[in-house]
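The structure appears below as structure tokens.
The values are calculated or read from the model by the stated rules, or taken from the named source; none is laboratory data. Note that this is a predicted model, so its numbers are computed, not measured. Reconstructed Cβ throughout: ideal geometry from the backbone, glycine too, with neighbour counts over all protein chains shown. Ligands, DNA and RNA are stripped out before the accessible areas are found, and what is left, the full protein with its side chains, is counted by its heavy atoms. Shrake-Rupley method; radii C 1.70, N 1.55, O 1.52, S 1.80 Å.
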Amino acid sequence: MQVDRNALRMIQELSDAPGASGFEDAVVAVARNYCALIGPMEEDFLRNLYIRRKENHGGRPVVMLDAHSDEVGLVVHSIKPNGTLRFLMLGSWNKNALIGTKVLVRNADGDYIPGIIAAKPVHFMTSDEEKRQKTVDIGDMVIDVGAVSYEDAVENFRVRMGEPVVPDTKFAYDEKRDLMFGKGFDCRIGCAAMIEALRRLDGKELPCDVIAVLSTQEELGPRNSKVTVHRIHPDIAIVMEGCPADDTFTEPYAIQTALKKGPMFRHLDVSAICAPRYQRWALDLAARKGIPVQESVRQGGGNNAASIQTALVGAPSIVCGVPVRYAHSPNCISTYYDFEKSVEMVIALLENITPELIAAL
Ligand SMILES: [Zn+2]
């Protein structure tokens, strides 16, 4: 597996950047550095970042690429008299994965300071509480930055209500086994695949114009894509995702998203049915090009296709997801192979989506 060092560094920087929903600033800053070649960029009030290919002509159909820049995070609810912090979730977490997690809490100076998510230690539990541990809720947890009182937390740690919190997880790559470890792969790995595909298409003539967007606040429901779709006016869309892998806890016959088997194309989830004729065409294209892909039908989940294809002309939308084990938890696993195949797939889609295809859908 040939690893592109520049692409790997981009994945690392995007993954490490703190970007809880609504607080995506650092992620947007990293993305801007890697998008400068692609074409002009602009932002709206929600910090959605739009990237237009410099090769766009205008006067022809527009392909929208979307990847969300936020990650599931936490937010400070209040400071207790003992200096620990109560918090709420921004997005849906696997709560069982939270206790013991090292986190970074943004303070009033804009610095991210370390803390840990703590619950009552087992030493102090009654036998009843010890039995009930499985049902621990976030209301039973606190973030401990090491302060000893409310005043200490406010004055010395500069902690305050409404500030974002993210896992303190650093990206690591095991090249021998091709495994990437890190946080926020949903959807930073999708952001990276989108940007990398556009970088590789530099200078290339495509059949349609392409406008990409790094959209914010997706983990709170497909919200901000309601705004981006009106700015872009797409005729067709490709939604990039870091999508949950199910290969470590599912019966073999039912596995739909596994590591090292290529990008996943989602037929439907609870939020959207991805345009069936477009989906079929994309799967056939993958087969023709010899790019491995996977398919899924999901009971839960959601993605930005939901709002893109229910606004304006109802642009047909598909979802191309890079498999991520343990999305929505502080530590995820993904592979460069799946990233690479996702990039190749996006390039194949952009090279083959023509005005005639769109009209035929
Ligand atoms: Zn996502």
Original post:
Helix 25-35 versus the longest principal axis of the chain: what is the Cα-based angle in degrees, 0 to 90, to the nearest 10?
Top reply: 30
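Out of the trypsin sites (Lys or Arg not before Pro) in region 1-32, which ones are loop residues according to DSSP with at most 14 other C-beta atoms within 10 Å? Don't jump to the answer; show the numbers that get you there.
Details: sites: 5, 9, 32; in loops: none.
Within region 1-32, no trypsin sites (Lys or Arg not before Pro) qualify (loop, at most 14 other Cβ atoms within 10 Å).
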Subject >> Sum of -39500 (n - 2.57) over DSSP H runs of 4+, divided by residues of the chain (222 nm, nearest 500) >> reply: -8000 deg cm²/dmol
**OP:** Please find, in a Gaussian network model of the chain (springs between Cα atoms separated by less than 10 Å), the residue of 67, 26, 315 whose mean-square fluctuation is greatest.
**Re:** 26
**OP:** Rank these by accessible area, largest first, 1.4 Å probe: 157, 124.
**Re:** 124, 157
**OP:** With springs only between Cα atoms under 10 Å apart, run a GNM on the chain and tell me which of 78, 342, 317 wobbles the most.
**Re:** 78
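Roughly speaking, to the nearest percent, how much of the chain's 1.4 Å accessible area is carbon and sulfur?
Details: 8140 of 15260 Å².
Carbon and sulfur: 53 percent of the exposed surface of the chain.
Can you check what the Kirkwood hydrodynamic radius comes to for region 1-156, Cα pairs only, in Å to one decimal? Before the final figure, lay out the partial values.
Numbers: mean 1/r = 0.0531 Å⁻¹.
Computed over region 1-156, the radius equals 18.8 Å.
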Original post:
Considering amide H positions built from the backbone, and no H for Pro or chain starts, which residues 5 or more places from residue 90, or on another chain, come under 5 Å of its amide H?
Top reply: 73, 74, 75
Original post:
Charges only on Cβ, +1 for Lys and Arg, -1 for Asp and Glu: so what's the dipole of the chain about the Cα centre, in debye to the nearest 20?
Top reply: 460
Original post:
When the Cα centres of region 284-320 and region 144-187 are compared, how far apart do they sit, in Å?
Top reply: 32
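For the chain, what does the accessible surface come to per residue with a 1.4 Å probe? Please give it in Å². Spell out each step's value before the answer.
Details: 15260 Å² over 361 residues.
On a per-residue basis, 42 Å².
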Subject >> Within the chain, longest stretch free of exposed GluC sites (Glu not before Pro) [DSSP loop, at most 11 other beta carbons within 10 Å] >> reply: 1-174
Original post:
Per residue and in Å³, how big is the convex hull formed by the alpha-carbon atoms of the chain?
Top reply: 144
**OP:** Per residue of region 288-302, in order, report the coupling 6.51 cos²θ - 1.76 cosθ + 1.60 (Karplus, θ = phi - 60°) as ³J(HN,Hα) in whole Hz, putting x for Gly and Pro.
**Re:** 4, 7, x, 9, x, 9, 10, 10, 9, 10, 10, 7, x, x, x
**OP:** Starting from the Cα of residue 248, step 7 Å along the direction of its Cβ; do the same at residue 160; then give the gap between the two resulting points in nm.
**Re:** 3.9
Original post:
Using 1/(1 + (r/R0)^6) with R0 = 25 angstrom and r between the beta carbons of residue 46 and residue 283, what's the FRET efficiency to the nearest 0.05?
Top reply: 0.15
**OP:** Whenever you get a sec, line up 116, 189 from highest to lowest accessible area (probe 1.4 Å, protein heavy atoms).
**Re:** 116, 189
Subject >> Dipole magnitude of region 74-167 about its Cα centre (Cβ charges: Lys, Arg +1; Asp, Glu -1), debye to nearest 20 >> reply: 300
**OP:** For 361, 49, give the ranking by accessible area with the largest first, probe 1.4 Å.
**Re:** 361, 49
Original post:
If all Cα-Cα distances of region 74-167 are sorted into 10 Å bins from 0 onward, what percent lands in each bin, rounded to whole numbers?
Top reply: 17, 50, 26, 6, 0
Subject >> Phi to ³J(HN,Hα) by Karplus 6.51 cos²θ - 1.76 cosθ + 1.60 over region 94-104, Hz, x for Gly, Pro >> reply: 6, 4, 5, 8, 7, 4, x, 6, 7, 10, 10
Subject >> Residues whose placed amide H lies under 5 Å from that of residue 294, excluding near-sequence neighbours >> reply: 264, 265
**OP:** Please turn the phi angles of region 48-56 into ³J(HN,Hα) values with the Karplus equation 6.51 cos²θ - 1.76 cosθ + 1.60 (θ = phi - 60°), one per residue in order, whole Hz, x for glycine and proline.
**Re:** 5, 9, 9, 10, 9, 4, 5, 8, 4
Original post:
Of 213, 227, 72, which has the largest mean-square fluctuation in a 10 Å C-alpha GNM of the chain?
Top reply: 227
